[in-house]
Amino acid sequence: MAELVAKTGVQREKDFMYFVKNGAVWRVPRKQPGQPKGKQEKVVDAGIEQDTNFIYFLGKDGNVWRAKRAVGGQKRAKNKKKSSAGKTTRKPAAKKAPKKAAPKAKKPVAKAKAKPKKAARPAKGAKKAKR
C-alpha cells in the first residue's frame, strides 16, 4: 500500500493538521468555531522529490509516506447479463392516474330564511337609468 519516503520523526500535535507540500512537511491549526483561520507553517524540510502519480502524507509515526494515486476511480463490476440484440430497450414508465378523493358524507343542513335577491349589475359601459 504505502511506502516510506523519508524519516522525519515529527511529533504530531492534536490541534494541528499536517501535510506535505513541495518536499517539506507543513502544519496548520485546525479550524475552531469562532476562531479566525490560522496560517500554515513549515515544520521540517524532508528534501524529497514529489511525483504526481503518488499522494504524500505524514504518518502517525511522524515520517513521510507515499501511496499510489487512484486515477479514474475504482473499477466497476461488469454486467453478467447481456441482451441478445446488443441494445437495451427500456419501456417508458407508465403514468398513474391521480387518485380521486372519496365523497364526503353530507351533513343535514337546517333551512335558512330566504334572503331577498339583489338586482343584477348593469353591464359595463351601460348608462344608468334615471329615476
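What follows is calculated from the coordinates using simple rules that are stated; it is not laboratory data. Predicted model only: the values in this text are computed from it and were never measured. Don't worry about glycine lacking a Cβ; one is built from the backbone with ideal geometry, like all the others, and counts go over all protein chains shown.
By the rule of a C-alpha distance below 29 Å, with chain neighbours fewer than 8 residues away ignored, the lysines paired with residue 80 are 91. Radius of gyration (Cα atoms) of the range 2-68, expressed as a multiple of 2.2 N^0.38 Å: 1.15. Gain on full extension, evaluated as 0.36 nm per residue between residue 107 and residue 50 minus their Cα-Cα distance, stands at 12.3 nm.
How big is the C-alpha Rg of the chain next to the rule-of-thumb value 2.2 N^0.38 Å, as a ratio?
Numbers: Rg = 39.0 Å, N = 131, 2.2 N^0.38 = 14.0 Å.
Expressed relative to 2.2 N^0.38 Å, the Cα Rg reads 2.78.
Lysine pair count for the range 2-68 (Cα-Cα distance under 22 Å; residues 8 or more apart in sequence or on different chains): 20.
Modelled label positions at residue 3 and residue 35, each set 7 Å beyond Cα in the direction of Cβ, lie 3.8 nm from each other.
Ordered by packing density, taken as the mean number of other Cβ atoms within 10 Å over each peptide's residues, highest first, how do 15-24, 45-54 rank?
15-24, 45-54
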